[in-house]
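Please treat every number below as a calculation from the coordinates, not as lab data. What you see is a predicted model; the values in this text were computed from it and never measured. Counting neighbours? That spans all protein chains shown, and the Cβs are built from the backbone with ideal geometry, glycine included.
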Amino acid sequence: MSSHSYLVRQASTRTYFFRSYTPQNLVKHFDGRQEFRLSLGCKSKIRSRLASNRLSDIVRELYDSIRSEDSDMTLEEIKNILRIELEKSFRYIKHIQLRTNSYNKELSTSSDCRPRGKEVQSFGLLC
């Protein structure tokens, strides 16, 4: 499994996908499916590579869990877990880029800690 690329790009949309090959001993469990793909919804190769590496670690753990009979997940359940992890990862990256992770002494001591203006717009919140 480690000799295959986890990152592929669809030429027509230039979007990257995570690809996972099903281990031989689990192909029967997944009704003969030898691989699956999950859109990363990203055109940045650097971000996609980071996300793909993280997803490959997660899917490896899920495959191990299925092998040890601790879990009986379907391919769709695995994809849903990966989508959630992907969303969390991209939210974290956005959080860092917007610099909303920095400590602000004035905000922490003021009585009104509600985000205002640009902060509200960047998260799509309506107050």
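For segment 1-57, the tally of residues that are surrounded by 14 or more Cβ atoms within 10 Å (Cβ to Cβ), polar (S, T, N, Q) and within 18 Å of residue 74 (Cα to Cα) stands at 3. Report yes if residue 36 is within 28 Å of residue 11 (Cα to Cα), assigned to a strand (DSSP E or B) and out of contact with any Phe, Trp or Tyr (no Cβ under 7 Å at 6 or more places or on another chain), otherwise no. When the stated conditions are applied, residue 36 passes them.
Scanning segment 23-44 for residues that are under 15 Å from residue 62 (Cα atoms) and touching a residue at least 40 places away in the same chain (Cβ under 8 Å) turns up 23, 25, 26, 30, 36. Taken over segment 48-102, the residue count meeting the criterion of being outside any helix (DSSP H, G or I) and among the charged types (D, E, K, R) is 4.
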